Amino acid sequence: MKFKEFEPGQVIQHGPIAVDEAEMLAFARAYDPQWFHVDAERAREGRWGGLIASGWMTCGLAMRMATEAALHDSESFGSPGLERLRWITPVRPGDQLRLEATVDTKRVSSTRDDLGIVRWTWRLYNQDNAQVLEAEVTSLFDLGAA
């Protein structure tokens, strides 16, 4: 999507995508090796009753879906960050996640007319429609790009 195609109130959807246990374990071993992400036996006895995905992997899945749904052919060149990030429900192996991204605001920078700014809220839901993630994201767009 191009910057001009984003509109406040618009909902962009993608998915579902499956959470693969082997990918989940590989991610956790490399980047978030807490026991409830990497030790299936111990995790079964823990608070979550089994393995759960790293929240950071869940963010990566959200980014993948947002890119595939909206950013892949846009003038987007980065982000200054997130305002809020919440992991609401644990993500488990085999979950089917889908993205609903709501465009909150869209504007051209007041100091640079070649800079577009979109603020949008990403929500991920699992196959039971339980929300697993919410993030308020700012994306930057190069309006001078050809």
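The values are calculated or read from the model by the stated rules, or taken from the named source; none is laboratory data. For clarity, every value in this text was computed on a predicted model and none was experimentally measured. Ideal geometry is used to build each Cβ from the backbone, glycine not excepted, and the neighbour counts take in all protein chains shown.
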Would you please name the residue that is farthest from the chain's Cα centre (by Cα), looking only at residues in the range 86-126 that are surrounded by fewer than 17 Cβ atoms within 10 Å (Cβ to Cβ) and among the hydrophobic types (A, V, I, L, M, F, W, C)?
VAL108
Tell me, yes or no, whether the range 74-97 has at least one residue that is touching an Asp or Glu at 6+ places or on another chain (Cβ under 9 Å), closer than 15 Å to GLY15 by Cβ and of a type in the set (Gly, Ala, Ser).
yes
Going by what's in this entry, would PRO16 be described as under 18 Å from ASP128 (Cβ atoms), at pLDDT 95 or above and part of a strand (DSSP E or B)?
yes
Search the range 46-69 for residues that are at negative phi and pair each with any residue that is surrounded by fewer than 17 Cβ atoms within 10 Å (Cβ to Cβ) and assigned to a loop (DSSP other than H, G, I, E, B) when their beta-carbon atoms are under 7 Å apart and the residues are at least 6 apart or on different chains.
SER54/ASP32; TRP56/ASP32
Taking the stated definitions as given, is MET65 in contact with a Pro (Cβ under 8 Å, 6 or more places away or on another chain) and in a helix (DSSP H, G or I)?
no
Which of the numbered conditions does ARG44 fail, given that it passes all the others? Conditions: (1) among the basic types (Lys, Arg); (2) surrounded by fewer than 17 Cβ atoms within 10 Å (Cβ to Cβ); (3) in a loop (DSSP other than H, G, I, E, B).
(3)
